[in-house]
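What follows is a single structure, written as structure tokens, with notes after it.
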Amino acid sequence: MPTNWTIDGVKEALAAKKISARELTADFYKRIESRNRELNAYLTLSPERARRQTDRIDALVAEGKPLPLLAGVPVAVKDVISTRGIKTTCGSKILENYVPPYDATAVERLEAAGAVILGKTNCDEFAMGSSNENSAYGPVKNPLAEDRVPGGSSGGSAAVVAAGLAVASLGTDTGGSIRQPGSFCGIPAMMGSYGRVSRYGLIAFASSLDRIGPFASNVRDVAAILRVIAGRDPHDSTSTTVPVPDYRAELGKAVKGLRLGIPKEYFAEGMDAGERKKIEAGMEVFEKLGCQLVDIRMPHTDYAIAAYYIIATAEASSNLARYDGVRYGLRVDDESLLAMYRRTRGAGFGAEVKRRIVLGAYYLKGQKVRSLIAQDFRDAFKKVDAILTPTSPVPPFKLGERTDDPLQMYLADIYTVTGSLAGVPGISVPCGKIDEKLPVGMQILAGAFLEARVLALAHAFEQAGGAAV
């Protein structure tokens, strides 16, 4: 049986009756059983739900009916995305027994397209972290280097794909939480424009920044998942009515002649030398594809981390106020209501979540800086068609290396928070490995709702051997 399944490979094998959806899912559960104990990437498995879906797919095959795009494809879902009847903890003790009564829209759309939900993936608590070490249920290990972090906060979703424990997965990105784990685990990982994918059913961290997006082993599969989950949703007023193109059909478009901006500010002091070397080699690949590299300036980049952590933490403080021990979640009883609130939150929230709640006091100033950063992007896209940057300033760092230094941890997102603040789409694509071991990711950003351009560039890079520079 193949070990490196793709969406097309699954569909072809099912249609040819080389394997059934139930057999394929059983094989993935065997893989999970053999490796998840060491990686800690899955928190909850959903075999009964998976079996119901595989039976539906196998019935379609038996009846000779057309198979939907994701028929039988084993996928995983980050544990901040609601799944009806399946525990959704957000990596936190305060929701350790929470079972949502409904599915997120993105999950509904995956299953409607035939995907099989294997289970829920580990993540930093309430998606707050850059290493997946803040989970109340223990850290996730990077499957390519188990002494290293997988990135965060969607580290579990990246790890299961990189380890072959799912064909694709959903994560969430607030300031880099899809793109940075994709980079650290050596797989493509996509964040669409803000509003492109419904947030209905996503348990909120920072509502003006949060986005749901896909991980997969190749860009073509990323495009397929994004096409399925994207589009207007009446349950989410921030979701857009902008038409969703067939992203896969756009992948073959020529990229020759496109102008790619190289912002000087993203190659400043503090960037790992090995990381820089690989990114520069990746840029040469684009030049060979006929793209033009253009030096650009994005002058407010230096203020991005500060602005992001002000805005995100202020919104987190508001969103997390609902976890009070009264309505749902953990409750620690005490004699007075105020004491009960204090003890419940003290026991239920971890240190990083508490730190970010306290940080959210300068929201208005942060929003003003956000506007300047968004203007940097608008100005840049008047001159170039897309922007190339490193995804991270450093390769995957060792477990425990930065847990006592929050500032250094925050700086791991220095190249991803800008696109988050501006609301534009971005992808991280593999761009070689340092010492043939530690993955490097290149980030491609484009203007709002130009996901097709981002994917076309990423696919051309992948096909040209960019992952092996």
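The values are calculated or read from the model by the stated rules, or taken from the named source; none is laboratory data. The structure presented is a predicted model; accordingly, all values stated were derived computationally and were not measured. Ideal geometry is used to build each Cβ from the backbone, glycine not excepted, and the neighbour counts take in all protein chains shown.
Tabulated values for the structure
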item	result
Residue satisfying all of: in the stretch 12-32; of a type in the set (A, V, I, L, M) and outside any loop (DSSP other than H, G, I, E, B); farthest from the chain's Cα centre (by Cα) among these	Ala15
In the stretch 419-446, residue surrounded by the fewest Cβ atoms within 10 Å (Cβ to Cβ) [restricted to those that are among the β-branched types (Val, Ile, Thr) and within 22 Å of Ala281 (Cβ to Cβ)]	Ile434
Enumeration of residues in the stretch 402-436 that are over 25 Å from Val454 (Cβ atoms) and in contact with a Lys or Arg (Cβ under 9 Å, 6 or more places away or on another chain)	Pro406, Gln408, Met409
Residue that is surrounded by the most Cβ atoms within 10 Å (Cβ to Cβ) [pool: residues in the stretch 239-253 that are free of Cβ contacts under 8 Å to residues at least 60 places away in the same chain and of a type in the set (A, V, I, L, M, F, W, C)]	Val244
Residue count, the stretch 268-291 (criterion: touching an Asp or Glu at 6+ places or on another chain (Cβ under 9 Å) and buried (at least 16 other Cβ atoms within 10 Å of the Cβ))	2
Pick from the stretch 83-132, criterion of a type in the set (Asp, Glu) and within 16 Å of the chain's Cα centre (by Cα), ranking: surrounded by the most Cβ atoms within 10 Å (Cβ to Cβ)	Asp124
Evaluation of Asp413 against (1) at pLDDT below 95; (2) on the phi > 0 side of the Ramachandran plot; (3) touching a Ser or Thr at 6+ places or on another chain (Cβ under 9 Å); (4) not aliphatic (A, V, I, L, M) (one fails), failing number	(2)
Test: residue in the stretch 48-55 that is in contact with a helix residue (DSSP H, G or I) (Cβ under 9 Å, 6 or more places away or on another chain) and assigned to a loop (DSSP other than H, G, I, E, B)	no
